[in-house]
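Working notes, structure below.
The values are calculated or read from the model by the stated rules, or taken from the named source; none is laboratory data. These numbers were taken from a predicted model, which means no experiment stands behind them. For neighbour counting, all protein chains shown are included, and Cβ atoms are generated from backbone atoms with ideal geometry for every residue, glycine included.
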C-alpha cells in the first residue's frame, strides 16, 4: 500500500486550512479605506482630550478636510506632496512655515477656487496640539459649547469653516455618527 501521494497531501493541507480558519478571527468584514484612515489618525486626535475638547470632532474634521486622507496625496502649487506637511485639519497659515495649495472656498454657487497658505507641522502630534490650543485660546472660539460633540462643532463651525458653517457642522456630525467616533471621547 502506498502512502504520501498527492491525495494525502491535499487532505493534510485541507485539514490545516480548516484548523487555521477555525482558530482565526471571527470578524470577517474588511476594513474600508475610510475606516483605515480613521484608525490611523485616532491616536493623534485623542490628544485634544487633554485640552477639554472632543477627539470625535477632531477626527471627523480631519476626515472631512482630507477626504479621509485621500487629498493628502495631492500636490501643493510647487509640486510637492501635501502629506509631508502633516496638516490634516485644514489649518490655514498663522505663523512659521507654510505651503500653498489650490482650495475651494464658499458655498453653493459662490464657490471659488483660490490659492491659500496652509500651516506646516513637524508631526501629526503638532497638528492636533495646535488645533486644541487654537480652539482653547483664540478669542473667536470663546463662546464654544463643550457640552457635547454636536453642540461643540456647531458652536465653532462659523469660525472654523470657510464654507457654509451649517453644512460643515452637519457633515462633521454625519461622519461622527457613521463611524461611531464618540468612542474616542
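When residue 68 is tested against (1) closer than 22 Å to residue 52 by Cα; (2) touching a helix residue (DSSP H, G or I) at 6+ places or on another chain (Cβ under 6 Å), exactly one condition is not met: (1).
Look through 132, 151, 109 and report the one residue that is in a helix (DSSP H, G or I) and over 22 Å from the mean Cα position of the chain (by Cα).
On the way: 132 fails: over 22 Å from the mean Cα position of the chain (by Cα); 151 fails: over 22 Å from the mean Cα position of the chain (by Cα).
Residue meeting the stated conditions: 109.
Counting only residues that are at pLDDT 95 or above, surrounded by fewer than 16 Cβ atoms within 10 Å (Cβ to Cβ) and over 12 Å from residue 56 (Cβ atoms), how many does the stretch 147-158 have?
Taking the stretch 147-158 and keeping what is at pLDDT 95 or above, we get 147-157.
Of the ones still in play, those that are also surrounded by fewer than 16 Cβ atoms within 10 Å (Cβ to Cβ) are 147-148, 151.
Add one more test, that the residue is over 12 Å from residue 56 (Cβ atoms), and what stays is 147, 151.
Count: 2.
Given the conditions (1) in contact with a helix residue (DSSP H, G or I) (Cβ under 9 Å, 6 or more places away or on another chain); (2) over 15 Å from residue 62 (Cα atoms), and given that residue 175 satisfies all but one, which numbered condition is not satisfied? Here residue 175 meets the rest and fails (2).
Against the criterion of being surrounded by 17 or more Cβ atoms within 10 Å (Cβ to Cβ) and out of contact with any strand residue (DSSP E or B) (no Cβ under 6 Å at 6 or more places or on another chain), residue 85 does not qualify. Can we say residue 26 is surrounded by 13 or more Cβ atoms within 10 Å (Cβ to Cβ), at pLDDT below 95 and over 28 Å from residue 147 (Cα atoms)? Taking the combined requirement at face value, the residue does not satisfy it. Against the criterion of being at pLDDT 95 or above, buried (at least 16 other Cβ atoms within 10 Å of the Cβ), more than 21 Å from the chain's Cα centre (by Cα) and over 15 Å from residue 59 (Cβ atoms), residue 137 does not qualify. Can you find a residue in the stretch 164-185 that is in a loop (DSSP other than H, G, I, E, B), touching a residue at least 12 places away in the same chain (Cβ under 8 Å), over 25 Å from residue 106 (Cβ atoms) and more than 14 Å from the chain's Cα centre (by Cα)? Among the residues of the stretch 164-185, at least one is in a loop (DSSP other than H, G, I, E, B), touching a residue at least 12 places away in the same chain (Cβ under 8 Å), over 25 Å from residue 106 (Cβ atoms) and more than 14 Å from the chain's Cα centre (by Cα), which makes the answer yes. If you go through the stretch 116-129 and pick out every residue that is at pLDDT 95 or above and not in a helix (DSSP H, G or I), you end up with 7.
Scanning the stretch 57-84 for residues that are within 12 Å of residue 37 (Cα to Cα) and outside any helix (DSSP H, G or I) yields a count of 3.
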